[in-house]
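Worksheet: one structure, shown below.
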Amino acid sequence: FTPAAINTFAGAVQTGCGQASSQVGPFYCPPDQQIYLDTTFFADVLQGQLGGQGGDFVEPYVLGHEYGHHIQNLMGTMGKVRTQEGADSDAVRLELQADCYAGMWTRYAEDSELITLDDGDIAEALDSAKAVGDDRIQQQSGQRVDPEGWTHGSSEQRMAWFTTGYEQGTLEACDTFSASEL
């Protein structure tokens with residue numbers, strides 16, 4: 001196991017995945033096994049543009065999700081992605097699994113007393129998952145909701161899969177690639 005490095009940036013950054021701007025938001029880059037966080041994302045995008053409530057557990061949720069992508073990369077799950085768009089696409093399944101892994105990490109961190117959570121923390125994570133759902137992003141940008149253009153899943157799905165990881169805490173429960181319904 002090799003931990004993923006976390007890099008913060010403002011404006012733009014050069015990565016193993018190419019050039020990325022603040023418009024991309026937080027992301028994981030498989031070739032260099034690093035997580036990239038734009039320092040303005042939480043205030044400017046998540047709260048400002050997407051209407052998320054913010055709070056002290058928003059950043060750990062986002063990091064948990066991005067670290068979930070690192071785990072997927074190490075386990076070879078990223079290689080299962082064949083379809084890039086659509087409500088039932090592999091890309092959506094990958095993103096929802098990363099949300100589930102974020103929920104698993106949250107439960108583990110709480111159970112092992114790495115962090116102390118309250119109901120407000122879980123609510124903040126769920127609100128962030130809701131804010132970054134494809135349906136919510138489409139609505140906030142003045143578009144109609146079009147599941148055929150989804151790459152990350154709906155707000156409801158993102159919240160549900162985080163909750164599944166938090167409540168069940170197993171890799172089997174987070175197997176979105178075998179799930180008949182997302």
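If I compute solvent accessible area with a 1.4 Å probe over the protein chains, what percent of it on the stretch 50-108 is carbon and sulfur? It would help to have the intermediate numbers written out before the result.
Values: 1210 of 2330 Å².
Summing carbon and sulfur atoms, their accessible area is 52 percent of the total for the stretch 50-108.
Please get the size of the charge dipole for the stretch 104-173, origin at its Cα centre, with Cβ charges of +1 on Lys and Arg and -1 on Asp and Glu, quoted in debye to the nearest 20.
Values: 5 positive and 15 negative charges, 71 e Å.
So the dipole magnitude of the stretch 104-173 works out to roughly 340 debye.
Quick check for you: with a 1.4 Å probe and neighbouring chains kept, what is the accessible area per residue of the chain, in Å²? Write out the running numbers ahead of the final one.
Numbers: 8970 Å² over 182 residues.
It amounts to 49 Å² per residue over the chain.
Please compute the Kirkwood hydrodynamic radius of the stretch 27-127 from all pairs of different C-alpha atoms, in Å with one decimal. Please report the intermediate quantities before stating the final value.
Values: mean 1/r = 0.0685 Å⁻¹.
Mean inverse Cα-Cα distance, inverted, gives 14.6 Å.
Could you work out the relative contact order of the stretch 62-182? I mean the mean sequence separation of Cα pairs under 8 Å and 6+ apart, divided by the number of residues, in percent. Write out the running numbers ahead of the final one.
Working: 188 pairs, mean separation 41.4, N = 121.
Computed over the stretch 62-182, the figure is 34 percent.
Taking N as the number of residues in the chain, what is its alpha-carbon radius of gyration divided by 2.2 N^0.38 Å? Could you put the intermediate results ahead of the total?
Values: Rg = 15.3 Å, N = 182, 2.2 N^0.38 = 15.9 Å.
Here the answer is 0.96, to two decimals.
Express the relative contact order of the stretch 77-147 as a whole percentage, based on alpha carbon pairs under 8 Å and six or more residues apart in sequence.
On the way: 33 pairs, mean separation 12.4, N = 71.
The normalised contact order for the stretch 77-147 reaches 17 percent.
Among V81, S21, F41, whose Cα projects farthest towards the positive end of the dipole of the stretch 1-102, with charges put on the beta-carbon of Lys, Arg (+1) and Asp, Glu (-1)?
Checked the options; the winner is V81.
What nm value, rounded to one decimal, do you get for the distance between S22 and E167 when each label is placed 7 Å out toward the C-beta?
3.8
Based on the Cβ-Cβ distance of A109 and D146, what FRET efficiency does E = 1/(1 + (r/R0)^6) give at R0 = 30 Å, to the nearest 0.05? The partial results should precede the final answer.
On the way: r = 36 Å, r/R0 = 1.20.
Computed FRET efficiency for A109 and D146 comes out at 0.25.
Under the rule that an exposed site lies in a DSSP loop and has at most 13 other Cβ atoms within 10 Å, name the longest stretch of the chain with no GluC sites (Glu not before Pro) of that kind, not counting the sites themselves.
Details: sites that count: E113, E172, E181.
With GluC sites (Glu not before Pro) excluded where exposed in loops, the chain gives 1-112 as its longest stretch.
The values are calculated or read from the model by the stated rules, or taken from the named source; none is laboratory data. These figures come from a predicted structure and were not determined experimentally. Counting neighbours? That spans all protein chains shown, and the Cβs are built from the backbone with ideal geometry, glycine included. Accessible surface is based on the protein model in full, side chains and every heavy atom, while ligands, DNA and RNA are left aside. Shrake-Rupley method; radii C 1.70, N 1.55, O 1.52, S 1.80 Å.
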